[in-house]
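Working notes for the structure below.
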Amino acid sequence: MKKFITSILFLAAALTLSAQDARQRTVETVVADVLAAMPANNSTDFDTQMADFAAAPASVVETARMMKPAGEGVRNNLYEYALTGLASYASANPMCVDKVREGFAQAIKATGDSDNKAFLLNLFRQIAKPADAQLFNEYVGDSALASIALGALVDIPGTESLILDLVKEGTADRRLLAAAAARKGI
């Protein structure tokens, strides 16, 4: 029985360690530290906080999870500020952009509130690559998110055939599709 309990405790300790960064901080701790330091005093502090924040895709998901639906009259400005800063930081730092993109993709799928999802889609749009076009395509049929999704598809290089397919299908708002096709030169 002692061996069994010891094995379980060892497994629990190993799983806890795997969710920590190099300084033995969990994602929740990193997010809390970044949020506590916002707004940063100077650009050096900001870059340090954002580098920690960008190190794990789960930090984006965790921060997005903290956001409350806008309809509840809650102010999400601290979370929005941190996520906006992260998207800006990632756009200027190619070394971390893929992890941040992954985090935004996960956060968008995990967010139920349309307003928060629109906010996250707009931020993700700033750092999106051609591989992300399918994620935006999923929201073209959503009347609350179609404008953002089609705008992102226009911004992403190489999406002409995808937009043309959407025009042929006719499942999205025709005015938005026409504007997207015109902006893409289709």
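Points worth noting:
- Checking each residue in region 133-171 for being over 20 Å from Ala87 (Cβ atoms), open to solvent by 10 Å² or more (accessible area, probe 1.4 Å) and part of a loop (DSSP other than H, G, I, E, B) picks out Gly141, Asp142, Ser143, Ala144, Gly158, Gly170, Thr171.
- Checklist (1) closer than 30 Å to Asn137 by Cα; (2) modelled with pLDDT under 95 applied to Ala37, failing item: (1)
- Ala179 vs. criteria surrounded by fewer than 16 Cβ atoms within 10 Å (Cβ to Cβ) and closer than 15 Å to Ala118 by Cβ: no
- Hey, Arg101 touching a Phe, Trp or Tyr at 6+ places or on another chain (Cβ under 9 Å), closer than 21 Å to Thr48 by Cα and not aromatic (Phe, Trp, Tyr) or not: yes
The values are calculated or read from the model by the stated rules, or taken from the named source; none is laboratory data. Since this is a predicted model, take the numbers as computed values, not measurements. Virtual Cβ from ideal backbone geometry, glycine too; neighbours counted across all protein chains shown. With ligands, DNA and RNA removed, areas are computed over all heavy atoms of the protein, side chains included. Shrake-Rupley method; radii C 1.70, N 1.55, O 1.52, S 1.80 Å.
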